[in-house]
1. Per the helix-only calculation at 222 nm, which mean residue ellipticity applies to chain B, given -39500 (n - 2.57) for every DSSP H run of n ≥ 4 and division by its residues, nearest 500 deg cm²/dmol?
2. What is the order of B:Met335, B:Met40, A:Met1, fewest Cβ neighbours within 10 Å to most?
3. Compute the distance in nm between two label points, each set 7 Å from the Cα along the Cα-to-Cβ direction, one at B:Ser93 and one at B:His55.
4. Put +1 on the Cβ of each Lys and Arg and -1 on the Cβ of each Asp and Glu in chain A; which of A:Gln167, A:Ala146, A:Thr218 then has its Cα farthest toward the positive end of the dipole?
5. Evaluate the charge dipole of chain B about its Cα centre and quote only its size in Debye, nearest 20, assuming +1 on the Cβ of each Lys and Arg and -1 on the Cβ of each Asp and Glu.
6. Would any residue of the stretch B:303-321 have its amide N under 16 Å from a label point 7 Å out along Cα→Cβ of B:Thr282? List them or say none.
7. Multiply the residue separation of A:Met44 and A:Arg66 by 0.36 nm, subtract the distance between their alpha-carbon atoms, and state the gained length in nm to one decimal.
8. Taking the Cβ-Cβ separation of A:Val130 and B:Arg394 as r and a Förster radius of 51 Å, what is the calculated FRET efficiency to the nearest 0.05?
Amino acid sequence: MLRVSASPHIRDKTTTRSVMLHVVIALVPVIIASTFIFGWRAPMLFGISAASAALFEALARIVMKRKQTVGDFSAVVTGLLLAASLPANCPIWVLLIGNFVAIVVVKQMFGGLGDNFANPAVTGRIVLSVSFTAQISTYSVLGKFAGDAATDLVSSATPLAIVGQGQGSLPSTLDLFLGCHAGCIGETSVVALLIGGIFLLLTGIIDIWAPISFIGTTALFMLATGQDVLVHLLSGALILAAFFMVTDYVTTPTTILGKIIFGVGAGLLTGLLRVYSAMPEGVSFAILLMNILTPHIERWTTPMTVGGAKHAKS
Amino acid sequence: MKMKWLGLSQAIHPADKKGTAGLAIKPLSGFSRVTIPLDMQVGPGCESIVKKGDHVDIGDPLGKPLGAWSVPVHASVSGEVESVQEQILSDGSRAQYVTIVSDGKDTVSELVKKPVVTDHASFIEAIRVSGLVGLGGAAFPTHIKLNPPPDKKVDTLIVNAAECEPYITTDNRICLENAYECVAGALATAFWCGIENVVFGIEDNKKDAAVALKKAAKRAKRDGRGSVEIKVLPTSYPTGAEKVLIRLINGRIVPEGGLPADVGVIVQNVTTIWFIARYLRTGMPLVKKWITLDGGAVKTPGNFEVPIGSSIEEVIEKAGGLKAEARKIIMGGPMMGVAVDDITRPILKHNNAILVFTEEEAALPEESACIHCGRCFRACPMKLMPAALDKAARANNATELDERHVLNCIECGSCTYVCPAKRYLVQNIRNGKTLVRAARAAAREKGGQS
């Protein structure tokens, strides 16, 4: 029997799974760096987070009697990104709740991959930071990076907290770049994030528009409000978000102009929250707010088809 | 990889698989019988003028045209008419088929003689009588295309030698083997139609053919026949799509719903143009077709000249047979070709390839949810949003489809090709176009009544 189907009859090799695996590979340098900066707890958190996210995804699909999608690796990416935005001393049970919220509530309850309007990792992180403030708002780092003799994790202020409160001494620019200071396990090492980000850019998984407009707008905002631009660029979740969150396919626009609007909006909100709100960090809220605007941005920036003209209103 | 990080890469680049590019066109003969459909064109076809038992020679007309758009269909072998039957085509429409049992002599009809062309009208009539339709795959009657309404001033003839579909290499071979006649055909067409400029568009993966055309262009100029420009374009898909090619050649944008003639251009496939030159020289109508036979199941892929109406099965057999079970047979390229339901289907005028796919090549991927990655949007040569059109088509939302200009889709398949979620985008968009046409027709009817 001959198979009859409509053209095209050939397909590109890229699959949803290969895209997600590229993102996982891009996070490997971050995981390695986190092991040096925060010790064994960091890779353990990444591992537990990815595994629990995958488990919640699989269970949710079974309970909802829908086609199993855990094999697309999107849940693993969410798990890794959620762990990346939590401190090394985050209790395991808090991490598990975060993954439950991200995968089950934010992603699957809205229909699963592609239908979630908000970034699951970002929203999971926000829910944890409001619900379990005490557990995840103390940051730590290995003793040797905090001028301490202890070989274990010691709590320490993040650079943004130091800037916000105006007390304590900031790490050197080199340490900010390498990530040897207190903070969330996946956000401190700018060099590791850049390696992952450049990998994603070169393999065409993401493009430059949203990251560049997001980082650029934040920098300009800090410059305009007289802040220390370099500290703001090199600390907090800015670089992590620039390459892994404002580039999320599902929750950001697909048009180039849309990506730029998203990046500029998220940059402005990040600046406003960091400088004028009570919180030292504002990247997560900025992204969530822009996620909500995404369908509208997409509509506003839809280009005219080649040779097309506006239809006359009848 | 270039420009990937900017997300600007417009066209797609499927592996070109043009392994047959170096293989000369080989005539196949000795076909036992041919089954010739009398409808192989856009617009109405022909009605049979032969009956069972009639003797026909090569070039004898088999049917009389049903309308102004219709072109005649000719016998491709000499022999006896075995039957005239109505059959259902693979697209569900009906057409008359004339089956001729070959007498093995390949006698050429006395009616075949060099046409006398003295002006535009006699040129157009000669083209119509030759049975020519667009040989690039569209089967649009050439005499209609070369005779645009008088209010459209055409100043450029673009000869499409892009051949952007993977696998197919017949245009490439025609250019290589008959470069001078391709150029001469283009100049003759331009002369009789009063068109000033002639530009050939060819992709840079056909360097030899481009060189051959350039040499032929120089010779034609020396011979005082006129000048043509050979434009080498970067290889990508769908460079050969009419509207895309015009944009690449002279930057003109065909308006939505419009034709190339609206921007002063006529596009003809290079094999069509070559055929015109050959017809003016010999008077032999369109009875043979040049095809690439390829695909994983084919033992010896190559380029062949076969009589129109010969069965795919017999062509494969004469060309060397299969090395694996045929699971899908495509008429045309893998991006826009039509999958046929039966290996005994005949070769048509506008076939330029027969691809025989193995089980592995014929596998249909399972689709998953759209991840909103934007690859389809970036790949779309018409700057449409295929994912949004797909969604609207699945929801039967004709209003949204129309607002999003679904009718401007050229159905090149780039969106479906790149989709990582393996969604059947262009397939649903085709349904969407049908929905919009129906909705518009209904609105017109309603408007007419009130």
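Values quoted throughout were computed directly from the atomic coordinates according to the rules given, and no laboratory measurement underlies them. Since we're looking at a predicted model, the values are computed, not measured. Counting neighbours? That spans all protein chains shown, and the Cβs are built from the backbone with ideal geometry, glycine included.
1. Numbers: 14 runs with 137 residues, N = 450.
After summing the helix terms and dividing by residue count, I get -9000 deg cm²/dmol.
2. Going from sparsest to densest Cβ surroundings: A:Met1, B:Met40, B:Met335.
3. 3.5
4. A:Thr218
5. Values: 56 positive and 50 negative charges, 277 e Å.
The calculation lands at about 1320 debye.
6. B:304-308
7. Stretched out fully, the A:Met44 to A:Arg66 stretch lengthens by 4.9 nm.
8. 0.85
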